[in-house]
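The structure appears below as structure tokens.
The values are calculated or read from the model by the stated rules, or taken from the named source; none is laboratory data. None of the values given here were measured: they were computed from a predicted structure. Here the Cβ positions follow ideal geometry from the backbone for every residue, glycine too, while neighbour counts run over all protein chains shown.
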Amino acid sequence: MTEKLPVAIVGLGRMGWVHATHLWRLEQEGVCRVVALVDIDTDKARRFASRSGCQAQIMGSVEELAASGVCQATMIVTPTEKHREHADMLVEAGHRVLLEKPLTGSLAGDREFCEQLDRDHPASVMLAFQRRFDGALEYARELMQSGTIGKVFKIYSALEDSGPAPNGYQSDGILPDMSVHNVDEILWLTGRMPDRAMAVGSRIYSHALTTCKEDFDDAMLYMWFGDDLLGQVQVTRNHVSGYRVESVIYGDMGQIRIGRFDQRPNEIMVEAFGKRGAEEPLASRTFPGGRGGPGAPEFVDRFGPAYKKEVEVFIDCCARGVGFPTSHQDGLRAQLIISAGMSALKTTADAVAVSSA
């Protein structure tokens, strides 16, 4: 019988609880062994173990995990300001880690950390970009690469929360916090880096409903890939009707739509349409969501299966000793683009008044 890979998870906040739940489900399916739950709040870790039936050791610090030797594969879901410290400590102890984004929370920190990892531990970090493991987006990418809609000239990607960031949440800005996934999605779909970027930001509604201090509650990011391809990202905290995740890939022979908001996030539709006048879609397929249930973060309904597959791929790569499909460099590339866009930021103060003349 093949020995199941021992795995630990560090950090059991909102996102950590989501990852720990999927990790525990994979243990039940015989994919791995959850050997340690690590959180400064050990009572929280014990509550998770009690509710799930997990038999993992409870630890109160990353130092304790690094010294324990119980595993060499760990998921890190701690606050952003602790990402580098915790990842550095564990990779130095021989761990390979799945690190929740972002890398460090600043472009300068990302650059410095990437240089360190490239020099000392180039294959130790898999950055958590769950969209790359989403069935609907994978299918859309296959349609795009097979030429279903011809030559692609624009990709639009939207991420809209139904409410503001939670009270006390620490945000580095709505674009670095939210759009990093959209930017990586577009880079993954196209296999290209843009050469220009620009952002627009507004404070229009939900920023007044939370104690979280964030620059904007609504923003757009434009990316130009030469003169033949445009990327458009829209993020907001103001979609009060529910969580909205939609992408559209435009080609000279049609378009591919991924997701369509109708307050049923458990049904993700992918449709490819030809030019005007075609009677039937070129392709159509529905993918299941995550069914997070009452109290679960709204993004679990949309991306639950992707989160689970992401963890499964991480475990498989660790077990086989092969490279990860994402790395720290993917996080740096996304933040470079966002930073460039923010450097060309436009706000209401830059808007031109509409004259009645």
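Scanning the stretch 138-170 for residues that are surrounded by 21 or more Cβ atoms within 10 Å (Cβ to Cβ) and within 17 Å of the chain's Cα centre (by Cα) gives S157, L159, D161, A165.
Inspect all residues belonging to the stretch 1-23 and state whether any of them is in contact (Cβ under 8 Å) with a residue 12 or more places away in the chain, farther than 20 Å from A319 by Cβ, among the charged types (D, E, K, R) and in the same structural domain as L117 (by TED's automatic domain parsing). Taking every residue of the stretch 1-23 in turn, at least one turns out to be in contact (Cβ under 8 Å) with a residue 12 or more places away in the chain, farther than 20 Å from A319 by Cβ, among the charged types (D, E, K, R) and in the same structural domain as L117 (by TED's automatic domain parsing).
Conditions tested, residue by residue: (1) modelled with pLDDT under 95; (2) not polar (S, T, N, Q).
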| site | (1), (2) |
| --- | --- |
| G105 | yes, yes |
| D110 | no, yes |
| C114 | no, yes |
| F153 | no, yes |
| S157 | no, no |
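Within the stretch 76-95, residues that are within 12 Å of F113 (Cα to Cα) sit with their Cβ atoms under 6 Å from residues that are among the aromatic types (F, W, Y) and not in a strand (DSSP E or B), at 6+ positions apart or across chains, in these pairs: R84/F113. Name the single residue, out of those in the stretch 338-357 being touching a Ser or Thr at 6+ places or on another chain (Cβ under 9 Å) and at pLDDT 95 or above, that is surrounded by the fewest Cβ atoms within 10 Å (Cβ to Cβ). Ranking the candidates gives G341 first. When the stretch 100-123 is filtered for residues that are without any contact (Cβ under 8 Å) to a residue 40 or more places away in the chain and under 21 Å from P176 (Cα atoms), the ones remaining, listed by number, are T104, A108, G109, E112, E115. Does the stretch 308-316 contain any residue that is exposed (fewer than 15 other Cβ atoms within 10 Å of the Cβ) and not hydrophobic (A, V, I, L, M, F, W, C)? Yes, the stretch 308-316 contains at least one residue that is exposed (fewer than 15 other Cβ atoms within 10 Å of the Cβ) and not hydrophobic (A, V, I, L, M, F, W, C).
Any residue that is in a helix (DSSP H, G or I), in the same structural domain as A36 (by TED's automatic domain parsing), closer than 27 Å to V300 by Cα and not β-branched (V, I, T) - is there at least one of those in the stretch 63-81? The answer is yes, given that some residue of the stretch 63-81 is in a helix (DSSP H, G or I), in the same structural domain as A36 (by TED's automatic domain parsing), closer than 27 Å to V300 by Cα and not β-branched (V, I, T).
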